[in-house]
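Reading through the C-alpha cells given below for one structure.
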Amino acid sequence: MALLERCVDVSFGVSKANSGIIHAGFHHSPSSLKARLEIEGNRAFDGLQAELGFPFRRVGIVVAAFSVEEMKTVDHLYEQGVENGARDVEIVGRDRLLALEPALSRDVVGGLFAPSGGIIEPYRFVFALAESAAANGVFLFTGWEAVRAHRQNDAWHITSAAGEDCAARWVVNAAGLRADAVSAMFGAERFTIVPRKGEEFILDKGSAGPPSRVIFPVPARTSKGVLVIPTVEGTVMLGPTADEGGDKDDTTTTPENLERVFRFASQMVPRISKRDIITSFAGLRPTLPGDDFMIELSRAAPCLVQVAGIQSPGLTASPAIAERVKALLMSGGLELVEKADWQPGIPRMHRTRDHAPWELDQLVARDPAYAHLVCRCEGVSEAEVVEAIRKGHTTLDGIKYYTRAGMGRCQGGFCTYRIMRLVARETGMPLERITKHGPGSELVLGHIGDRP
Amino acid sequence: MIRRTIDAVVVGGGSAGLAAALRLREAGATVAMVEREPFLGGILLQCIHSGFGLQEFGEDLTGPEYAERFIRPALNAGIEMYLDATVTEIGEDATGRSVTALSRAVGVVRFSARAVVLAMGCRERNRGNVAIAGTRPAGVLTAGLAQRLVNIEGCVPGKNVVIVGSGDIGLILARRLTLVGCTVRAVVEIQSYPSGSVRNIAQCLNDYSIPLHLGHVVTRIEGRDRVEAVRVAPLQDGRPLTGREFRIPCDTVLLSVGLIPENELSRAAGVPINEGTAGPWVDADMMTGARGIFACGNVLHVHDLVDFVTEEARRCADRAAAYLKGDPREEMIPVKAGANVRSIVPNACAPGRRNVLYLRSLVVKNDALLELSAGGEKLRTKRLAHVQPSEMIRFGLEAGAIQNINSGTALEVALR
Ligand SMILES: Cc1cc2nc3c(=O)[nH]c(=O)nc-3n(C[C@H](O)[C@H](O)[C@H](O)COP(=O)(O)OP(=O)(O)OC[C@H]3O[C@@H](n4cnc5c(N)ncnc54)[C@H](O)[C@@H]3O)c2cc1C
Ligand SMILES: Cc1cc2nc3c(=O)[nH]c(=O)nc-3n(C[C@H](O)[C@H](O)[C@H](O)COP(=O)(O)OP(=O)(O)OC[C@H]3O[C@@H](n4cnc5c(N)ncnc54)[C@H](O)[C@@H]3O)c2cc1C
C-alpha cells in the first residue's frame, strides 16, 4: 500500500487546522452518514490512544443555552444524541452547568452535557497514524502530487507533478479539498468541493478563564457556532467562524472575524481577554452540497473508493471512515487478509517538560540533549527536535507540530534559528534550503556577501 | 541531579546579569550565573552597531564591545558559570530559594541559594500579539530574530523588506539590511510620530531614502508560501481607512512592535507582576514581592539604554549583598504613577538613601514638568524639554529628599 501526499509532510492539509474536538455525536441528524461515523469514530479513540500515545483527553462537551428559546434547541440536540447513540448525554439546569464549567457566564439558563466529547492534538494524531502505518509496511510518498491517472491492465497508473509513476489495483480518493479534482482525474463522479472557512484564535497558556470542558453555544444553521476550547496542551482556542466561498488556498484571518469571535466567545466566557492572543489561523472545511460525507465505491470509475466532503466531524469520524473504506474495498472484490505480524503500537516519545527534575537524570543519561532546551516557551529539548527531524519532519512547521517548538507565546522568535541549525546539522541542508512548510517557503533568502 | 549551595544565583548573563554578578562577587558573595546561550552578553551580542557606553565609559562602543568589558572580568571573578544552561524553575527550600537549571554539559542542577537575581531580559511582541490579518507564509519575523540571523548567522532574511514599527531596533535594522544588500521598502508606524530617536531617523532612514509611513497600519499580509505583499492603510480615529489602502510588494515583514519582560519563570515562582511595566513589583532594594528574589534590567522593565541597565544592576546587587549580610531593612515609602505616567520603577523608595526613579510617559509633550508629591503636597519639580512614551525618564532623588513623608502616604510622580 502506498500513501501519496502532495504536501511535504502528512497532516498539512485540513487535518492540521481545525478545532481538535472529538465530537460526542449529538450535532447531526440520525439520517446522515456523518452522525453514524462520528459516534463510531468517537468510541475508537481510547484504543487508538493506548496504541499510539497521541495527546487526547475526554474532557466532555457542554452546550450553553442563554434563553428558554435556546433550551428548545437543546432538547432537540438531546433527542438527536440519544437517537444517534451518544453516550451519557444529559440535559442540565443552570446550577449543574455552572458546576460542570465554572468559567461560563452567570447568564446561562441551562444546557447539555456530553461527557464522551474530548480534545486532541490533530497533527500528533495524524503523525502517529502515519508512523504506525509506515512501520507496518505502508510506503509513504510526500511531496507527491497526483496529476494524471489512467487505467491499463487492470491497474491504475498515477503520475505525479514531478513525473514519477505509481501503479495500483485500487485507489482511495481521500484528497480533502481537492477530492473533486482527483475524482475528475480518474474520470469518476463530477462534484464540486466548496471550501467553508473557519478562523481560530489561540490564547496563551495561563490566560484568564480557561475552561475545563469544550464549550459550545446553541448551534446556528451552517456551523456549530463559535466555541471556547481548552486544548490538550493548555492553551485556549476560540472559533471557528464559518464563511463559504473563497478559494481553496484562502487561509487568511481578518480583523472583523477576530472581533466577531471575541464577541461571541466572551458572551459565554466573560473572562477571556484579547491581550492573551498568541496566534491565529484558518482552516477550510471541504463541503459537498447537502453537507454530508460521501464515502462509496465509484459508480463511474472502476476500483476507486471516494472519500469526499469530509468536513467536520471528519477528525472524529476518521477511524470509522477507515473501517467503512475497508468494507467497501472488500465488497468491491479486493481480498484483504489481516497481517499476522501487525504491530499497531509505536514507541512513546519522551518530552523533557513531562518529567520532574529528579526523573530527568535517567533520560539525560541516555541522551544529554534532553537537558538542552531549544524552545523556551514550551520547554522543548534538542532531543525532541532531533527525533522529529529523524522521523522526516524537516520543515519548521512539521517540527512545530511534532514537538510544539515555536507554538508558544513567542511564536518562534527565540527558537527558529536554533531549530534551523539543528535541521542543517542533522540533514546537511544549507540554511537557505530550510523551509517553513515546503518549497517556496524558504526561511532565509541567502547569505551576506552572496552575489546576485 | 547535581546539588549546589551558594549565596546567590543570577539568572541570565546579559548586561544586567553580568553587572550584578560582578558586584555581588566584589561584595564577597559566592555567585552562580546561569545563561541559556553558549555565550555571555545577552542581546548586546547581536547589536553590532555603535552607540553603547557613552554614559558608562564615555566612549562610543558597539554592543559586543560593551559586553566584552563585563565578560572578561566576569570570567575571572570566580563566578560559577553555567552556559548553554536554562533555569526552568525557582522554588523554595530550607535555606531560602531553590533554582533548577538544565544543560547538556551538566544535566540537571539544583541550587540552594539565599538570594536570586532575575536578569532574564525580555522577548519581542509578535504577530499574534498585534493581530495582523492575512495569510501565514514564511518571511514574517520579529526584528530581533532578523537581527540575529544577519549579525550572527550571516543570513539575509529577505530581499524586499517592510518593517513594522519605528522604534530604534526597527530603524537600526533598516540600515543594517540596506547595507547587506536588501531593499527596505518602507517602515510603517501606527503612531503619528516616530518612536525611535531623531538621530536614528536621520542616520538610518533618511540617509538611505527609506520611506516612513507615520499613522499607518499593516492591514493584511499576502502570500501563500512566502510573503508577497503587505497592505497598508492610514489610520483615522483609530480605524484604518480602507479607501486609502495601498499595497507594498515585498518578501519579508519584520515586526518591531515592542518588547515584553520575560517573566514566566518569575510568575511561576510567585513573584507579583506590575501591570504597567509587565515586570516584577520591586522596592527600593530592587527586591520583588518574593523575599530574597531581586530583579534588574529588561526583565524588570524595558530599557532603551544599556548604560542604565548596568547602573540599575549594580544597585540591585549592592542591595542583594546587604540582604545577604543581614543588614536591617529600612521602612519604605510606596511610589505611585500619577497623571500622564505609564509606569515607574521602583515601586517603593527608601527615605534614608539616594533613590533613582525610572519612568515612562503616557503622552508626547514638549516642555513637560515632572512633579513629585505626597498627600497632595508638592515636594519637587523638574523641567523636561521633551517627553514621549518610547523614551525612559531617569530621575535621581538625593538622600533625605523624602524624609518627611508620613508613613502610609505614597510618593506620587506625575507629568504635567
Ligand atoms: C476550521 C475547522 C474546524 C474543524 N474542527 C473539527 C473538529 O473539531 N472535530 C472534527 O472531528 N473535525 C473537525 N474539522 C474537520 C476535519 O478537520 C476534517 O474533516 C479532516 O481533517 C479531513 O481530513 P482529510 O484527511 O479528509 O483531509 P486532509 O487532511 O485535507 O487530507 C487530504 C490530503 O490530500 C492531499 N492531496 C490533495 N490532492 C492531492 C493530490 N492530487 N495528490 C496527492 N495528495 C493530494 C492534501 O494535501 C491533503 O494532505 C474541522 C475542519 C475545519 C476546517
Ligand atoms: C534588540 C535590542 C536592541 C537594542 N539596542 C540598543 C542600543 O542600540 N543602544 C543601547 O544603549 N541599548 C540598546 N538596547 C537596550 C539594552 O541593550 C538592553 O536593554 C540590555 O542589554 C538588556 O540587558 P539585560 O541583561 O536586561 O537583557 P539581555 O541582554 O536580554 O540578557 C538576558 C539574558 O538572560 C538569558 N536568559 C533568559 N532566560 C533565561 C533562563 N531561564 N535561564 C538562563 N538564562 C536565561 C538570555 O539568554 C539573555 O542572555 C537594545 C535592546 C534590544 C532588545
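Taking the range B:177-290 as the region of interest, the strands (runs of 3 or more DSSP E) fully inside it that hold 3 or more residues being under 22 Å from residue A:253 (Cα atoms) and more than 16 Å from ligand 1 (Cβ to nearest atom) are B:216-222, B:229-236, B:246-249, B:252-255.
Every test in (1) surrounded by 11 or more Cβ atoms within 10 Å (Cβ to Cβ); (2) without any contact (Cβ under 8 Å) to a residue 40 or more places away in the chain is passed by residue B:226 save one, and that test is (2).
With a requirement of 1 or more residues that are farther than 30 Å from residue A:335 by Cβ, the strands (runs of 3 or more DSSP E) lying completely within the range A:1-96 that satisfy it span A:61-65, A:90-93.
Comparison of B:253, B:227 shows that the only residue that is β-branched (Val, Ile, Thr), within 14 Å of chain A (Cβ to nearest Cβ) and within 24 Å of the chain's Cα centre (by Cα) is B:253.
Checking each residue in the range B:186-200 for being surrounded by fewer than 22 Cβ atoms within 10 Å (Cβ to Cβ), in contact (Cβ under 8 Å) with a residue 12 or more places away in the chain and of a type outside the set (Gly, Ala, Ser) picks out B:190, B:191, B:193. Per the conditions (1) within 14 Å of residue B:310 (Cα to Cα); (2) at pLDDT 95 or above; (3) surrounded by fewer than 21 Cβ atoms within 10 Å (Cβ to Cβ), the sole criterion not satisfied by residue B:44 is (3).
Inspect all residues belonging to the range A:362-381 and state whether any of them is among the charged types (D, E, K, R), crowded, with 19+ Cβ neighbours inside 10 Å, at the interface with chain B (Cβ under 9 Å from one of its Cβ atoms) and part of a helix (DSSP H, G or I). Checking the range A:362-381: not a single residue is among the charged types (D, E, K, R), crowded, with 19+ Cβ neighbours inside 10 Å, at the interface with chain B (Cβ under 9 Å from one of its Cβ atoms) and part of a helix (DSSP H, G or I).
What residue, of B:126, B:160, B:151, is modelled with pLDDT under 95, under 24 Å from residue A:395 (Cα atoms) and not hydroxyl-bearing (Ser, Thr, Tyr)?
Just one listed residue meets the conditions, B:126.
Scanning the range B:147-163 for residues that are touching a Leu at 6+ places or on another chain (Cβ under 6 Å) and either assigned by TED's automatic domain parsing to the domain that holds residue B:49 or closer than 24 Å to residue A:375 by Cβ (or both), we see that the one that is farthest from ligand 1 (Cβ to nearest atom) is B:147. Of B:93, B:84, all but one fail to be within 14 Å of chain A (Cβ to nearest Cβ), at pLDDT below 95 and more than 16 Å from ligand 1 (Cβ to nearest atom); the exception is B:93. In the range A:263-295, the qualifying residues are those that are within 10 Å of chain B (Cβ to nearest Cβ) and over 30 Å from residue A:31 (Cα atoms), and the one that is surrounded by the fewest Cβ atoms within 10 Å (Cβ to Cβ) is A:275. When we screen B:389, B:351 for residues that are surrounded by 13 or more Cβ atoms within 10 Å (Cβ to Cβ) and under 25 Å from the mean Cα position of the chain (by Cα), the only hit is B:389.
Filter the range A:311-325 down to the residues that are outside any loop (DSSP other than H, G, I, E, B), buried (at least 21 other Cβ atoms within 10 Å of the Cβ) and of a type in the set (Gly, Ala, Ser) and list them by number.
Step one: list which residues in the range A:311-325 are outside any loop (DSSP other than H, G, I, E, B), which gives A:314-325.
Retained after the next criterion (residues that are buried (at least 21 other Cβ atoms within 10 Å of the Cβ)): A:314-318, A:320-321.
Scanning the range A:311-325 gives A:314, A:317, A:318, A:320.
A search for C-beta distances below 8 Å between a residue of the range B:33-48 that is in the same structural domain as residue B:6 (by TED's automatic domain parsing) and free of Cβ contacts under 8 Å to residues at least 40 places away in the same chain and any residue that is assigned to a loop (DSSP other than H, G, I, E, B) and within 6 Å of ligand 2 (Cβ to nearest atom), counting only pairs 6+ apart in sequence or on different chains, returns B:41/B:13; B:41/B:14. Here is the figure for the range A:253-272: residues that are assigned to a loop (DSSP other than H, G, I, E, B) and modelled with pLDDT of 90 or more total 4. More than 19 Å from the chain's Cα centre (by Cα), away from ligand 1 (no atom under 15 Å from the Cβ) and in contact (Cβ under 8 Å) with a residue 24 or more places away in the chain, is that true of residue A:170? When the stated conditions are applied, residue A:170 passes them. Note on the range B:83-175: enclosed strands (runs of 3 or more DSSP E) holding 3 or more residues that are among the β-branched types (Val, Ile, Thr) are B:85-93, B:107-118, B:160-164. May I ask you to verify whether residue A:402 is more than 9 Å from chain B (Cβ to nearest Cβ) and not aliphatic (A, V, I, L, M)? Against the criterion (more than 9 Å from chain B (Cβ to nearest Cβ) and not aliphatic (A, V, I, L, M)), residue A:402 qualifies. Annotation: of all residues in the range A:410-445 being among the small types (Gly, Ala, Ser) and assigned to a loop (DSSP other than H, G, I, E, B), the one that is nearest to residue A:389 (Cα to Cα) is A:428.
Residue check: is residue B:24 assigned to a helix (DSSP H, G or I), near ligand 2 (Cβ under 8 Å from one of its atoms) and in contact (Cβ under 8 Å) with a residue 12 or more places away in the chain? No: the conditions fail for residue B:24. Residues in the range A:1-38 that are within 9 Å of ligand 1 (Cβ to nearest atom) and either modelled with pLDDT under 95 or within 16 Å of residue A:198 (Cβ to Cβ) (or both): A:13, A:14, A:15, A:16, A:17, A:18, A:19, A:20, A:21, A:23. Being away from ligand 1 (no atom under 16 Å from the Cβ) and over 15 Å from residue B:258 (Cα atoms) is the filter; apply it to the range B:133-146 and report the residue that is nearest to the chain's Cα centre (by Cα). Here the answer is B:140.
In this structure, does residue B:107 turn out to be over 20 Å from residue B:296 (Cα atoms) and surrounded by 17 or more Cβ atoms within 10 Å (Cβ to Cβ)?
So residue B:107 passes the test.
Select, from B:37, B:59, the only residue that is away from ligand 1 (no atom under 16 Å from the Cβ), part of a loop (DSSP other than H, G, I, E, B), acidic (Asp, Glu) and under 27 Å from residue A:381 (Cα atoms). Spell out how you get there, then give the answer.
Working: B:59 fails: under 27 Å from residue A:381 (Cα atoms).
Only one candidate passes the filter, namely B:37.
The values are calculated or read from the model by the stated rules, or taken from the named source; none is laboratory data. These numbers were taken from a predicted model, which means no experiment stands behind them. Counting neighbours? That spans all protein chains shown, and the Cβs are built from the backbone with ideal geometry, glycine included.
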